[in-house]
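Single-structure report; data block below.
The values are calculated or read from the model by the stated rules, or taken from the named source; none is laboratory data. Since this is a predicted model, take the numbers as computed values, not measurements. Don't worry about glycine lacking a Cβ; one is built from the backbone with ideal geometry, like all the others, and counts go over all protein chains shown.
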């Protein structure tokens, strides 16, 4: 029974969260993004699923075992469904999810979908045609196939990030020698409040290098209640980068060329004042440009060196679990 419950909880939680993502997604996701998003939710949801869902499914077995056939099946379903709904009511997330035009609490939907999924997998494994050992082996194998590419990406990501951290140091100050920022805020306008409670006005931003114009941004939002370079968050970023391999320092001036297509332009200014200009698109960038973007104020989110989606630690953990499931349930030939 323990193997059956482990399989039900692991597979049921993944299927339930997948249904939640598919039903509530407001944008189209490709398969890697979908898998990444589901495993991003798992580290937060799985402890509750194991403790709460595991208790409920054991309670369901205890209560429903006194019945037979369809009556037992229905009783187990109602217990799973009821406790799933109860969890969402007792512990609301206060985050609405739109499903089929209805706005419902995310925890209510997630707990209900996971509960039904666990019940479905548990009942499926009960069938005589299923072999528990083979089922656990298959579950581990499927989990391994799904997670191993992302686990490789996570490993490569950590290696690459360590390489850059050991080679470069980023310094963020409010004043940079030889660089001056001039802003012209349009007259007769009232400050607007953005989603983060910042006061925003529209103006032109000009970056001067030794009194010569380097960059000009027109009609850009300016955070008037901030100081220094932070006033231009999301539009302009300036920082110093120290390269320990070359034993050199340079300033990076980076700006978003087009907010619509995520194009970026950046200038590298070395110690002698020489300027090197380069540009890249968010979907076509080098590892070095990814490093610069992650250390600027322009990235839409943390950007990976490898792969797509959020590289959650749930991937290597899930791969480790899958290896255990495969190893413990590897098909063995019986010796007669």
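Figures for the structure shown
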{"item": "Check on residue 295, surrounded by 14 or more Cβ atoms within 10 Å (Cβ to Cβ), within 22 Å of the chain's Cα centre (by Cα) and at pLDDT below 90", "result": "no"}
{"item": "Among the candidates 218, 187, residue that is part of a loop (DSSP other than H, G, I, E, B), more than 15 Å from residue 237 (Cα to Cα) and free of Cβ contacts under 8 Å to residues at least 60 places away in the same chain", "result": "187"}
{"item": "Residue check, residue 288 within 20 Å of residue 169 (Cβ to Cβ) and either in a helix (DSSP H, G or I) or modelled with pLDDT of 90 or more (or both)", "result": "yes"}
{"item": "Some residue of segment 151-160 being in contact with a strand residue (DSSP E or B) (Cβ under 9 Å, 6 or more places away or on another chain) and either surrounded by 13 or more Cβ atoms within 10 Å (Cβ to Cβ) or part of a helix (DSSP H, G or I) (or both)", "result": "no"}
{"item": "Count of segment 190-215 residues which are surrounded by 13 or more Cβ atoms within 10 Å (Cβ to Cβ) and not in a loop (DSSP other than H, G, I, E, B)", "result": "13"}
{"item": "Some residue of segment 233-240 being without any contact (Cβ under 8 Å) to a residue 24 or more places away in the chain, surrounded by 11 or more Cβ atoms within 10 Å (Cβ to Cβ) and closer than 25 Å to residue 262 by Cα", "result": "no"}
{"item": "Test: residue in segment 268-286 that is surrounded by 15 or more Cβ atoms within 10 Å (Cβ to Cβ) and out of contact with any helix residue (DSSP H, G or I) (no Cβ under 9 Å at 6 or more places or on another chain)", "result": "yes"}
{"item": "Odd one out for residue 229 among (1) over 30 Å from residue 149 (Cα atoms); (2) surrounded by fewer than 18 Cβ atoms within 10 Å (Cβ to Cβ); (3) touching a residue at least 24 places away in the same chain (Cβ under 8 Å)", "result": "(2)"}
{"item": "Qualifying position, being modelled with pLDDT of 90 or more and over 12 Å from residue 253 (Cα atoms), among 211, 225", "result": "225"}
{"item": "Positions within segment 258-274 being touching a residue at least 40 places away in the same chain (Cβ under 8 Å) and under 19 Å from residue 168 (Cα atoms), in sequence order", "result": "267, 269"}
